[in-house]
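**Q** Below is a structure I'd like to ask you about.
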Amino acid sequence: MKNYKYILYLLLSLLVMTGCSKDDGTAEDARTRRTIMVYFNAENNLYEAASEDLKEIVTGSRNLPSDCNLLVFYDVLTKPVIYSVKNGEKVAVKTYETDIDASDADNMLSVFQTMIALSPSDEYATVFWGHGDGSVIENGTSSANSLDVDFTESSSNEPNSYGADYNSNSASRSTGVTWIDLPVLANVMKQLPKQEFIFFDACCMQSIEVAYELRNCTKYFIAAPCETPSFGAPYASTVSRMCLSNPEEAAKAIAADYTSDNNKWEAVVGSTGYKVSDIFGRGGMTVVKTENIAALLQATNKALKTISASSSPLELTFSFPADSHDATSCIYYLKTAGSRWGEPVLYDMNDVMLHNLSSEAYSEWKAAFDDVVIYNPAPKDIRDTDVCSWFGGDSYSIFGTTLPMMSKKNFSSFYISSDTYGGVSMYVPNNLFNYYTTPNMNTRMYDYEWCKQVGWKDLGW
């Protein structure tokens, strides 16, 4: 009898102990086949878009199979909440009593561990929603945490690639903006069961450096190499695709749905009279199968050595895109920030190799690429022409007007075809970065395992 009283005392003690949050629901009653975990890092200027996408997720949950659960961590301008979403309804299963930094690795790990405890499953998949810059550094700071890693640059110059939490319950950027470094985010995901897929609904995350960091964390990696519109995926239809039993089919279906008519590409932009698809095309969404990515690294190492035979350090040669739409120009997705604007930094990986290898060498490299990049349809061209561009100032000039959105990126347009477009970006060192970027991006790239192992140092970088 004393044992029973002692056990009862322990149970009651656990029930009354509280930390920074409270549980508003219970764990799912039975183990399920798959749980989808959506992570909204939206305590920033995307909060309105996040609200709309949450509504779409709720709508899409009406088609959620019975053997799938959907949990949403939702951090906007209010206290964070974890929702269980099914049958067209959302129920708060955990409400945080204080604000937390969603870009902090320890907090992120705790959130995922909570969701896994709430929904025991045979398998898991994750959606990251927010801002992104791929492998390029973003202005801001990274929160110190137990999962941090050593970087080649100082702590203020880490590769802050996903976020961003304004930490003010405000849509206005402040000095307290935090991002999470991709190597650190990978450390978070390594603490969890290997994911069936990871889907980044954020800009520029489909870079080979990011995919390689996450190779041991997920079977499939879904993301866009270019900037993406704030309205994100069409979740009302995408939710059911996330639960397809074959994870490869699910990943391809998610990517296809993103650029389909289910999304808002035909919406009119403000008072311009132009549709989103008129101005930006339909972007691109790519699926990477991580199983064979080590072979692609080796093939790329061999290709770069072949290219560098006559140049040390290796200087890749191709012309920058111009308003004349030079067919010899190379596709790129992002330009440098910091003290000098305008130098391309994330190039299309396939187009780089196509421009710099012989036909025979390119064919050998492309075979390895195709084993990894399993879904990458070329984006729909602007106005069904041969020209496409990402979000940027120069592309608006073809409409005789100037739009304010993201004009600092100052993009030109590109010829896009199934031959040139690969749908995965690649960091390309540039001597100018030694003088005009802070921090030096040619040094910072070694924070990524891909750059360490692909052989840039052997090529003079």
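The values are calculated or read from the model by the stated rules, or taken from the named source; none is laboratory data. Just so it is clear, the model here is predicted, and its values are computed rather than measured. Here the Cβ is made from the backbone with ideal geometry for all residues, glycine too, and neighbour counts use every protein chain on show. The area values use the complete protein model at the heavy-atom level, side chains included, leaving out ligands, DNA and RNA. Shrake-Rupley method; radii C 1.70, N 1.55, O 1.52, S 1.80 Å.
**Q** Using a 1.4 Å probe on the protein chains only, how many percent of the accessible area of segment 418-460 belongs to carbon and sulfur?
**A** Summing carbon and sulfur atoms, their accessible area is 44 percent of the total for segment 418-460.
**Q** What order do you get for 219-232, 296-309 when each peptide is scored by the mean count of other beta carbon atoms within 10 Å, highest first?
**A** Per-residue Cβ counts within 10 Å, averaged per peptide and sorted highest first, yield 219-232, 296-309.
**Q** Using a 1.4 angstrom probe on heavy atoms only, work out the carbon and sulfur share of the accessible area of segment 164-238 in %.
**A** Result for segment 164-238: 43 percent of the exposed heavy-atom area is carbon or sulfur.
**Q** For the peptides 353-366, 109-122, what is the packing order when you average, over each peptide's residues, the other Cβ atoms within 10 Å and list the highest mean first?
**A** 109-122, 353-366
**Q** On a full-extension model of 0.36 nm per residue, what is the gain between residue 52 and residue 295, subtracting their alpha-carbon distance, rounded to one decimal in nm?
**A** 83.4 nm
**Q** How many nm separate the modelled label positions at residue 87 and residue 63, each set 7 Å beyond the Cα in the direction of the Cβ?
**A** Label at residue 87, label at residue 63, 2.0 nm between them.
**Q** What is the sum of charges around residue 195, taking Lys and Arg as +1, Asp and Glu as -1, for the other residues whose C-beta is under 12 Å from the C-beta of residue 195?
**A** Counting the neighbours of residue 195, the net charge comes to +3.
**Q** Of 289/452; 219/366; 194/305; 55/264; 79/219, which ones are farther than 25 Å apart at the Cα?
**A** Table pairs above 25 Å Cα-Cα are 194/305; 79/219.
**Q** May I pose another question? Enumerate the residues in segment 358-378 having an amide nitrogen under 19 Å from the point lying 7 Å beyond the Cα of residue 260 toward its Cβ.
**A** Correct set: 374-378.
**Q** Points 7 angstrom from Cα along the Cβ direction at residue 249 and residue 302: gap in nanometres?
**A** Roughly 3.4 nm, to one decimal.
**Q** Obtain the nm distance between the two label points defined at residue 378 and residue 431 by a simple spin-label model: each point lies 7 Å from its Cα along the Cα-to-C-beta direction.
**A** 3.3 nm
**Q** Mind giving me the FRET efficiency for residue 95 and residue 267? R0 is 45 Å, r the Cβ-Cβ distance, nearest 0.05 is fine.
**A** 0.85
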